[in-house]
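Engineer: Structure incoming, see below.
The values are calculated or read from the model by the stated rules, or taken from the named source; none is laboratory data. Just so you know, these numbers come straight off a predicted model, no measurement behind them. With ideal geometry, Cβ positions are generated from the backbone for all residues, glycine too; neighbour counts draw on all protein chains shown. Just so you know, the surface numbers come from the protein's heavy atoms only, side chains and all, with ligands and any DNA or RNA stripped out. Shrake-Rupley method; radii C 1.70, N 1.55, O 1.52, S 1.80 Å.
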Amino acid sequence: MDAELLINALNKITSQVFNFDEKQHALLRQGRLVKRHPFLENGKPSRFLENLIVDLKKSESPVLIQTLQGLGGICLSDGTLIVVGPLGDPKHDDRKVIKEKQRAVNALLELFSAFMCRLSDSNLPINKEEVKDYLASLEQNLNLPLPNFADVIPQDSPHNSYAYELAHLEAVTKGDPNQAVRALRSPMHGKEGRMGFTALRHHKNSAIINAVLAARAAINGGLAVETAYTTADFFILASEMCKTIDEAKLLRETISYRFAELVAKVQDREKNQYRSQVRLLINELNRNIFNPVTRKEIVACINRNIDYAERIFKEDVGMTLMEYLRNERIRTAKDLLLNSQHKVGEIALMLNFSSSSHFAREFRKVTGVSPLEFRERLTLAKSGSDH
């Protein structure tokens, strides 16, 4: 699942993304795996590509693209190798564009690596004695029936990683039903917690929890709050009607699929409100979140003048081209502030703001707070929810 998340992001920047696991690599070395890539010789990896693969397997950090014709990549925790590049031909392609692609790919590899390290660091083994003392104090102060501590402590592995949950919920927010189900079916990175004293109760509760989380993810994707809550209530009652474990498991997947489907319908309806030229402009703007771009370059995709493009865009979307681009960059910045260790200045540079102060001003216009205040608030909120 980690591979799919990163590959989808990289494919927005370049089509030169090459991924395989150890089994596929063995077939590749034998020339039995058909892959189209400039660094293959007679269907087998060139020495340059093989050296990169060796470096990727040895390194816990990504290998960044250093030259215009070079390769970079990352080895994920499940052993999947992702190679990116070359990003273009310096003899025929615009060197500036290739450079910007190189910068965007490297930033994405570093961000993904830092994010996965952060998730790994936050999923440290539980301090059993500390939690025991806390639960003992609960038993003394609360007149409630409580389970035994041993009933919830995973014995052979830690709980499933946050990345697994994020992949599934992101698919719901994007309105991709098939991806949502694939994410749920992908191999877990740990062990699912115990959520019931019987297997059937456990899977019913798992479906209920999924209904609540999927509803929140769907709201982020544009689904109306009342629709999301009512749908979640419907599925929660449906979980109580499940008579078998298989029914409860199927319901859990159905919940994700249906919520993603509802989001897709909302998003399609919104897209259909825009004329075709506006949709082209939106796609071009979204493609250039990490790239320096002018209005003239954006408008070139519809072969019309800037005034015409601005007029139809404002009529359909309610804002100018550059206001839309700014808002999307701020939305991306919020993700980076929450899920990476990049400094504010680095994020400003990555998203093509002229300076850290310019970034801070624009960020405050959209969110009402500075980037540092935003990061501090979310960090505090997250630490509070963890306790």
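Engineer: Please give the number of the condition Leu262 fails out of (1) of a type in the set (A, V, I, L, M); (2) open to solvent by less than 80 Å² (accessible area, probe 1.4 Å); (3) within 26 Å of Val97 (Cβ to Cβ).
Structural biologist: Looking at each condition in turn, Leu262 falls short on (3).
Engineer: What are the residues in the stretch 304-363 that are among the aromatic types (Phe, Trp, Tyr) and open to solvent by 40 Å² or more (accessible area, probe 1.4 Å), if any?
Structural biologist: If the condition is that a residue be among the aromatic types (Phe, Trp, Tyr) and open to solvent by 40 Å² or more (accessible area, probe 1.4 Å), then Tyr308 is the only one that fits.
Engineer: Further question on the same structure: Taking Ile82 as the residue in question, decide whether it is modelled with pLDDT of 80 or more, part of a loop (DSSP other than H, G, I, E, B) and out of contact with any Cys (no Cβ under 6 Å at 6 or more places or on another chain).
Structural biologist: So Ile82 fails the test.
Engineer: Of all residues in the stretch 181-217, how many are within 17 Å of Leu251 (Cα to Cα), modelled with pLDDT of 85 or more and assigned to a helix (DSSP H, G or I)?
Structural biologist: The number of residues fulfilling the criteria is 18.
Engineer: Output yes when any residue across the stretch 281-301 is assigned to a loop (DSSP other than H, G, I, E, B), of a type in the set (Val, Ile, Thr) and surrounded by 15 or more Cβ atoms within 10 Å (Cβ to Cβ), and no when none is.
Structural biologist: Yes, the stretch 281-301 contains at least one residue that is assigned to a loop (DSSP other than H, G, I, E, B), of a type in the set (Val, Ile, Thr) and surrounded by 15 or more Cβ atoms within 10 Å (Cβ to Cβ).
Engineer: Those residues that are among the hydrophobic types (A, V, I, L, M, F, W, C) and under 22 Å from the mean Cα position of the chain (by Cα), I need them from the stretch 207-241; list them, please.
Structural biologist: Answer for the stretch 207-241, where residues must be among the hydrophobic types (A, V, I, L, M, F, W, C) and under 22 Å from the mean Cα position of the chain (by Cα): Ile209, Ala211, Val212, Leu213, Ala214, Ala215, Ala217, Ala218, Ile219, Leu223, Ala228.
Engineer: Looking at the structure I just gave you, is Val225 open to solvent by less than 30 Å² (accessible area, probe 1.4 Å) and either free of Cβ contacts under 8 Å to residues at least 40 places away in the same chain or in contact with a Leu (Cβ under 6 Å, 6 or more places away or on another chain) (or both)?
Structural biologist: no
Engineer: Quick one: in the stretch 171-222, of everything that is charged (D, E, K, R) and under 16 Å from Ala238 (Cα atoms), which residue is most open to solvent (accessible area, probe 1.4 Å)?
Structural biologist: The residue in question is Arg201.
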